[in-house]
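A.B. asks: Input: one structure, supplied below.
The values are calculated or read from the model by the stated rules, or taken from the named source; none is laboratory data. This is a predicted model, so every value here is computed, not measured. All Cβ positions, glycine included, derive from the backbone under ideal geometry; neighbour counts span all protein chains shown.
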Amino acid sequence: MATSLGVKPFKTLLLTATLSSLFVLGAWAQDQDQDPPTRVADLNYLSGNVSMQPAGADDWSPAVMNRPFTTGDYLWADADSAAELHLNNAAIRIGSQSSIGFLNLDDRLAQIRFAQGELVVRVQHLGEDESIEVDTPNAAITILREGEYRFNADPDSATTWVVVRHGSAEVTGGGQAFTVRAGNSAQLSGTDQLNFDVQYAPDLDGFEAWCEDRDAHEAQSESARYLPPDVIGGEELDNHGTWRETAGYGPVWYPSVDASWAPYRDGHWAWIEPWGWTWVDNAPWGFAPCHYGRWAFVSGAWGWVPGPLVVAGGARRGVVAAVYAPALVAFVGGGNWGVSLSIGGPAVGWVPLGPGEVYAPAYQMSRNYFQRVNVSNTTVVNNVNITNVYNNVYVNKNVTNVTVNRTYVNASAPNAVTAMPQGAFASGRPVRQAGIVVPRNQAVQIQSAPMTIAPPVAPVRQALAPVAGTRPATRPPMRAISAPVVAKVAPPPPPVPFAAKQASLQQNLGRPVNIPAIRQTVPARPVATAPVVRVAPPARQVTPQVQPTRPPSAPVAPNRPMTPGQPQQQNFPPRTPQPQQQPVTPRPPQQPPVVPRPPQQPTVTPRVEQNTPQQPVTPRPPQQPPVTPRVEQQREQQPVTPRPQQQPPVTPRVEQQREQQPVTPRPPQQPPVTPRVEQQREQQPVTPRPPQQPPVTPRVEQQREQQPVTPRPQQQPPRETRPTQPPPKPKKETKKDKDK
């Protein structure tokens, strides 16, 4: 990134401000604790019917792409819908019938309320003083490190699932806390008494597969090479423009737009506190270039110049951490400005800031914040300009005319200056419908017009969530927005309703009000749908035991994971895959042992040598007829090594080889079928049979070794009734027998 910007010579331009506005801003500047956050969440993807409830609003509106989300904002994805938001260090995705909201979003903590549906959070990096907390109806889950995390919440069964694909998370609730590690999942129920079941993580479903595809696409972004790591919204730049090295500016991104296009033209203005008037662009790539960096008109085309980068040891970083700004423009207007533009009365105009020009916010901030919001987004040739502007505008309250910037370099660029009536601006109407492009021959009026740090327009209720087309605003079910959640960190108070501060906004004329002062003067009256948050009591650390399989009675979340735009797939959580066959485990004691056949039963007598060791007999599932081996001589009863339930029986080895003959399964409670004995057959596995089917009883062969087994309780099973068989033919008497 070049440090010399080659900015054109400037002419002096005065900024007019009233004593009252300087007094308010100067008072705010004394308290650094009231600096606004340096980040937001960018709503960068929508599919289906998605609604939002901005902080302070009392109703839901259609969600809008590129809308900045902050503390107090809520989002709902209806059936067959999905949405994606980006923080500076994480991607947040919700699926069908899912609701999330930000209980808190500042520079250190992202506290997400999640009461219903499905949620995936992918954390790219997490600083030592940063934390992400997901508050659910059962417990608070704190993400401890980079990784992928899946959450499901079912209000019907009052159950929450958390799956850690990579990373680790801490679950806190009901006076307990435990860690879920990579490759594991936890099922949570209860609140005052937290119940949990930690298991192996299930397989990916369609929703998570879609999330992985989005992550893979972002990982291949070329734009990441040119952006500071904390810039939000740069993932869409690759698909809608090109990067070129430009003399005097370094890497510059040029959007694929028509020749009449200009920045801050296709979108609308929304009132988002604590920043105030905020630009919301319509282009899918419009977030990063409108809230970071500067715009330049170079060689007949508009290009976006991101903030300066420092590359050290192969790693890229900003000069300072990137600071989000609501709109990097200079406003023009006030009084009757704009009457001559033929747009129906007093107007508000704006022009994009160029490289090196100082941004003067209208909201509360400290001197340190003012420095960072400028140097992180552009290379300022002379830092003295930043100090002078801050002192003149925010500190010196006894002056009326102060210098903020030199002549705005982009004011002379084609189509750069836009204006619209103050009434249309106040309600957030689309600029393409109500605004005009100030012709170049009239743009010279800007040189003599009063330049303001904020448009002198107070917002109306519609400015909180301007109507986006004709899409309906679907309200989530009441349980999704009113169900209590458990938090580890106490969140800030709910937002002040817009109606309670509207009178103060009218007096401030386009500048945000001092919320702490408003809370002291306005009776506490939170938004009607403000959620209930229960702070978890002090917790003791416990170590959960990981179960290899999910219990059969585990409830299933009602909403099915889905890939946006695709048919829905199986319910979550899917049943955990069965592990590979484990070593033989003793069967419960109530199972009957194998009893030898009574002597009076007819048997087929194979040829057996004396002192032949016996092979073990395969155990059978519960309540199955016992296995009765056929033998020639009287043998002692031998217990059988038990096997786990539902394991397929194994045919004992014999020395004589023969091919196994398939045996047709019989209905339950039928006597087993005895296969014919042949010599020298090899052991072959028996195909597993359905539960409660009688197994095949193998014949006793020669040279079987006896295996010790665990003794069973003395329970006698019912006698087995063998099918009627003709008695064996008598052996013909030979001459040798007669001689005997």
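A.B. asks: Out of all the residues in the range 233-251, which are more than 15 Å from Val305 (Cα to Cα) and either touching a Lys or Arg at 6+ places or on another chain (Cβ under 8 Å) or loosely packed, with under 14 Cβ neighbours inside 10 Å (or both)?
C.D. replies: Asn239
A.B. asks: A further question follows. Being in a strand (DSSP E or B) and either buried (at least 21 other Cβ atoms within 10 Å of the Cβ) or hydroxyl-bearing (Ser, Thr, Tyr) (or both) is the filter here; which residues of the range 49-68 pass it?
C.D. replies: Those that are in a strand (DSSP E or B) and either buried (at least 21 other Cβ atoms within 10 Å of the Cβ) or hydroxyl-bearing (Ser, Thr, Tyr) (or both): Val50, Ser51, Met52, Gln53, Ser61, Pro68.
A.B. asks: Taking the range 318-359, which residues are modelled with pLDDT of 80 or more, over 24 Å from Thr387 (Cα atoms) and buried (at least 23 other Cβ atoms within 10 Å of the Cβ)?
C.D. replies: Result: Ala347, Val348, Gly349.
A.B. asks: Right, something else. Could you tell me whether Phe207 is more than 17 Å from the chain's Cα centre (by Cα) and hydrophobic (A, V, I, L, M, F, W, C)?
C.D. replies: The answer is no for Phe207.
A.B. asks: Same structure again: Of all residues in the range 120-145, which are at pLDDT below 95 and buried (at least 21 other Cβ atoms within 10 Å of the Cβ)?
C.D. replies: Selection gives nothing.
A.B. asks: On to the next question. So, of the residues in the range 360-378 that are surrounded by 21 or more Cβ atoms within 10 Å (Cβ to Cβ) and among the β-branched types (Val, Ile, Thr), which turns out to be nearest to the chain's Cα centre (by Cα)?
C.D. replies: Val373
A.B. asks: What are the residue pairs meeting all of these: first residue in the range 178-198, first residue among the acidic types (Asp, Glu), second residue surrounded by fewer than 19 Cβ atoms within 10 Å (Cβ to Cβ), Cβ atoms under 7 Å, and 6 or more apart or on different chains?
C.D. replies: Matching pairs, first to second residue: Asp197/Gln547.
A.B. asks: Just the residues that are crowded, with 18+ Cβ neighbours inside 10 Å and at pLDDT below 90, please, taken from the range 410-435.
C.D. replies: Across the range 410-435, the qualifying residue is only Ala411.
A.B. asks: State whether one or more residues within the range 72-81 are out of contact with any strand residue (DSSP E or B) (no Cβ under 6 Å at 6 or more places or on another chain) and crowded, with 24+ Cβ neighbours inside 10 Å.
C.D. replies: Taking every residue of the range 72-81 in turn, at least one turns out to be out of contact with any strand residue (DSSP E or B) (no Cβ under 6 Å at 6 or more places or on another chain) and crowded, with 24+ Cβ neighbours inside 10 Å.
A.B. asks: For the range 71-80, indicate whether the set of residues that are under 22 Å from Ala499 (Cβ atoms), modelled with pLDDT of 95 or more and out of contact with any Pro (no Cβ under 6 Å at 6 or more places or on another chain) is non-empty.
C.D. replies: Yes, the range 71-80 contains a residue that is under 22 Å from Ala499 (Cβ atoms), modelled with pLDDT of 95 or more and out of contact with any Pro (no Cβ under 6 Å at 6 or more places or on another chain).
A.B. asks: Another question, if that's okay. Taking the conditions exactly as written (out of contact with any helix residue (DSSP H, G or I) (no Cβ under 6 Å at 6 or more places or on another chain), within 18 Å of Gly167 (Cβ to Cβ) and in a strand (DSSP E or B)), does Glu148 satisfy them or not?
C.D. replies: yes
A.B. asks: Report, ordered by the first and then the second residue, all pairs with beta carbons closer than 9 Å, sequence separation of six or more or different chains, a first member in the range 487-504 that is within 15 Å of Glu273 (Cα to Cα), and a second member that is in a loop (DSSP other than H, G, I, E, B) and hydroxyl-bearing (Ser, Thr, Tyr).
C.D. replies: Pro492/Thr71; Pro495/Thr71
A.B. asks: Give me the residue from the range 238-289 that is touching a strand residue (DSSP E or B) at 6+ places or on another chain (Cβ under 6 Å), in a loop (DSSP other than H, G, I, E, B) and not aromatic (Phe, Trp, Tyr) and, out of that set, farthest from Arg511 (Cα to Cα).
C.D. replies: Ser256
A.B. asks: Out of the range 96-131, which residues are among the small types (Gly, Ala, Ser), at negative phi and in a strand (DSSP E or B)?
C.D. replies: Correct list: Ser98, Ser99, Gly101, Ala110, Ala115, Ser131.
A.B. asks: Out of the range 190-205, which residues are part of a strand (DSSP E or B) and crowded, with 19+ Cβ neighbours inside 10 Å?
C.D. replies: Phe196, Val198, Gln199
A.B. asks: All but one of (1) farther than 23 Å from Glu130 by Cα; (2) part of a loop (DSSP other than H, G, I, E, B) hold for Thr71; state the number of the condition that does not hold.
C.D. replies: With (1) farther than 23 Å from Glu130 by Cα; (2) part of a loop (DSSP other than H, G, I, E, B) applied to Thr71, the lone miss is (1).
Each row is one residue, and each column tells you yes or no for (1) in a loop (DSSP other than H, G, I, E, B); (2) at pLDDT 90 or above; (3) surrounded by fewer than 19 Cβ atoms within 10 Å (Cβ to Cβ).
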| residue | (1), (2), (3) |
| --- | --- |
| Val457 | yes, yes, no |
| Thr470 | yes, no, yes |
| Arg475 | yes, yes, yes |
| Ile481 | no, no, no |
| Val486 | no, yes, no |
| Pro491 | yes, yes, no |
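A.B. asks: Please work out which residue is surrounded by the most Cβ atoms within 10 Å (Cβ to Cβ), limiting yourself to the range 214-232 and to residues that are assigned to a helix (DSSP H, G or I) and free of Cβ contacts under 8 Å to residues at least 24 places away in the same chain.
C.D. replies: Ala224
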